[in-house]
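S.K.: This is the structure I want to talk about, given as structure tokens.
We did not get these values from a lab; they are worked out from the coordinates using the rules stated. Remember, predicted model here, so these are calculated numbers, not experimental data.
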Ligand code: GAR
């Protein structure tokens, strides 16, 4: 069976959405392991509740990257669990070259904007402050540059007149919970191919 790892730092709603899809029989994958850098991540709670193998590997030295030593530990566990696809689900650390090399074109991410607009932190706030009329979310393969990499799926969310950062992020997340499980499903079923920056969905 195709084995997936989920990496998360925050509340873990995308982790939950992917697990629910797997449990509903919509995605033909095993969740091999859930990893977090944050002891209070909701993703670890969900893993415990669902009886999924999980580890918290903290990084004390840096805030936005992993030290080479810590990154090696992530790679070691992912290899040991024979992971076919690594899904970053609100994992708030930049993945470095060595990790990328070990999982070439096998790491994906979800970002809360229509990339390449608004990479980086709190993309929904950036969109609101910029005054765009539409934003959304994007799944993409991970490359060395932040929130770059070939785009797999996108979903559009209109920005409403009375939106606050919270209401806008909530509506973006509703779409994330649709496109992320769908992205994992398409990859697991072998329906996704990459050519340069372009991703083709062969259905
Ligand atoms: C999601 O909105 C995800 O798109 C974002 O973090 C949130 C995690 O939510 N990721 C990024 O901003 C990556 N650049 P969750 O913990 O509820 O899944």
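S.K.: For q = 0.21, 0.23, 0.25, 0.26 Å⁻¹, what log10 I(q)/I(0) does region 59-127 give under the Debye formula with an equal point scatterer on each alpha carbon and no solvent?
M.R.: -0.97, -1.08, -1.18, -1.22
S.K.: Evaluate the Kirkwood expression for the hydrodynamic radius of region 133-181, namely the inverse of the mean inverse distance over all pairs of different C-alpha atoms, and round to one decimal in Å.
M.R.: Working: mean 1/r = 0.0857 Å⁻¹.
Taking the inverse mean of 1/r over all distinct Cα pairs, region 133-181 comes out at 11.7 Å.
S.K.: Further question: Considering the Cα trace of region 96-161, what is its radius of gyration and what is Dmax, both in angstroms?
M.R.: My reading of the Cα-based Rg and Dmax gives 13.0, 45 Å.
S.K.: Another question, if that's okay. To test your reading of the geometry: what angle, between 0 and 90 degrees and rounded to tens, separates the Cα axis of helix 68-80 from the longest principal axis of the chain?
M.R.: 70
S.K.: Quick check: convex hull over the Cα atoms of region 104-203, volume per residue in Å³, rounded to an integer? Provide the component values of the computation, followed by the final result.
M.R.: Details: hull volume 9.3 nm³, N = 100.
About 93 Å³ per residue, rounded to a whole number.
S.K.: Out of 185, 11, 170, any idea which swings most in a Gaussian network model of the chain, alpha carbons joined below 10 Å?
M.R.: Of 185, 11, 170, the Gaussian network model singles out 170 as fluctuating most.
S.K.: Which value results for Rg/Rh of region 1-63 when Rg is the Cα radius of gyration and Rh the Kirkwood radius based on the inverse mean 1/r?
M.R.: Details: Rg = 11.8 Å, Rh = 11.9 Å.
A ratio of 1.00.
S.K.: Where the centre of each part is set by its Cα atoms, how far does region 166-203 sit from region 1-80, in angstrom?
M.R.: What the calculation gives is 18 Å, centre to centre.
S.K.: Please compute the alpha carbon radius of gyration of region 154-203, then divide it by the globular-protein estimate 2.2 N^0.38 Å. Two decimals is fine.
M.R.: On the way: Rg = 14.5 Å, N = 50, 2.2 N^0.38 = 9.7 Å.
My calculation over the Cα atoms of region 154-203 gives 1.49.
S.K.: Using Cα pairs closer than 8 Å and at least 6 residues apart in sequence, work out the relative contact order for region 72-141, in percent.
M.R.: Working: 66 pairs, mean separation 21.5, N = 70.
Normalised by residue count, the contact order of region 72-141 is 31 percent.
S.K.: Take the Cα radius of gyration of the chain and divide it by 2.2 N^0.38 Å, with N its residue count; two decimals is plenty.
M.R.: Cα Rg divided by the expected 2.2 N^0.38 Å: 0.98.
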